[in-house]
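Written below as structure tokens is the structure these notes are about.
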Amino acid sequence: MTLAAPAVVDVNRLLGPLPHDDVPSRDENGLVKELERLRIDAACVVHSHAVYGDPRDGNARLARTADERLRPVPVLVPGPLGTGDWTGGGARLVRLCPDVHGWAATGPGALCLTAALSRAGVTVLLAWDAVTATDVDLLAGSRPCLRTVLTGTGYRSLRELAELLDTHDQLHVDTSTLAGHRQVEWFAERYGAHRVLFGTGAPVTDDAGPRHLLDTLDLPDEDTALIAGGNALRFLGSPA
């Protein structure tokens, strides 16, 4: 599937019903309307069934999406009771949910999985609240070529996060909860805009706030373009 270079790509989006809320993005049409409303040109989407239910079922549902603006992001689980596809079925971006699915982020299965993903050049989405800072440090240290986007980092984790990004240059962050004053600018100026990706975490977290923030960033145009969609497209192997 070829995606024309959009201005804005949400790298962290959920498609499907939520167990605790009725959301417009419970189906494909509803999600696309939400993207259009907020002037988001494309989204990397995980199916809610893959997060809150059986990842194999959710990934299969996700594979049936028809709109090219939705880029499927499978959820992978390592080990004999896992999803069984350690390279993501050709996907360039995958999500890991060790907390929800009950596996150790630095256990033997996880290390085999991340080694395979690293060799295949696949980028990993990993929620900050799904792991500990020590997990991230051990994982990034053992897989120095594995690109990992830490999502939902929040503003209270800045000190831990900065220490990790100082140490591991393949760690990246999304903007979903970087709500502190000039926090996105600080990350871009200290680590480079190539390590920050626009993401909302919607509908679990707010999408309008990060989208507005993108329009008001106090950064050079080329840096804003990287954050908005250029970095995501590069990870997906699409032309920027």
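Every number in this text was worked out from the coordinates using simple rules, so none of it is lab data. These numbers come from a predicted model, not from an experiment. Neighbour counts are summed over all protein chains in view; Cβ atoms, including those assigned to glycine, are modelled from backbone coordinates with ideal geometry.
Quick look at the numbers
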read-out	value
Point-charge dipole on Cβ atoms (K/R +1, D/E -1) for segment 24-71, about Cα centre, debye to 20	40
Kyte-Doolittle at least -1.0, axis length at least 15 Å by Cα - qualifying DSSP helices, the chain	108-120
Cα gyration tensor category, rounded, prolate or oblate, for segment 149-240 with a/c compared to 1.5	rounded
Rounded FRET efficiency, nearest 0.05, which uses the C-beta distance separating residue 119 from residue 208 and R0 of 30 Å	0.20
Neighbourhood charge, 15 Å Cβ-Cβ cut-off, centred on residue 107 and excluding it, Lys, Arg +1 and Asp, Glu -1	-1
Coil-residue trypsin sites (Lys or Arg not before Pro) of segment 114-157, DSSP, other Cβ within 10 Å capped at 12	156
Charge dipole (the chain, unit charges on Cβ, about Cα centre) - positive-most of 132, 62, 48	62
Unit charges on C-beta of K, R, D, E only; dipole of the chain, Debye	560
Gaussian network model of the chain, Cα within-10 Å springs - most flexible of 80, 108, 210	80
Segment 20-126: relative contact order as a whole-number percent, Cα under 8 Å and 6+ apart	20
Separation of alpha-carbon centers, segment 149-170 and segment 53-107, rounded to whole Å	23
Relative contact order [Cα under 8 Å, 6+ residues apart], the chain, whole percent	19
Magnitude of the charge dipole, segment 1-140, Cβ model with Lys/Arg +1 and Asp/Glu -1, debye to 20	360
Loop sites in segment 54-100: trypsin sites (Lys or Arg not before Pro), DSSP, at most 10 other Cβ within 10 Å	64
Segment 80-135: relative contact order as a whole-number percent, Cα under 8 Å and 6+ apart	47
Loop GluC sites (Glu not before Pro), segment 159-230, which have at most 10 other Cβ atoms in a 10 Å radius of their Cβ (DSSP)	none
Rounded FRET efficiency, nearest 0.05, which uses the C-beta distance separating residue 166 from residue 112 and R0 of 22 Å	0.20
Mean ellipticity per residue at 222 nm, deg cm²/dmol - from DSSP H runs of n ≥ 4 across the chain, formula -39500 (n - 2.57)	-10000 deg cm²/dmol
At R0 = 30 Å, FRET efficiency that the Cβ-Cβ distance of residue 138 and residue 33 yields, to 0.05	0.15
Stretchable slack from residue 158 to residue 68, in nm (0.36 nm times residue separation minus alpha-carbon distance)	28.9 nm
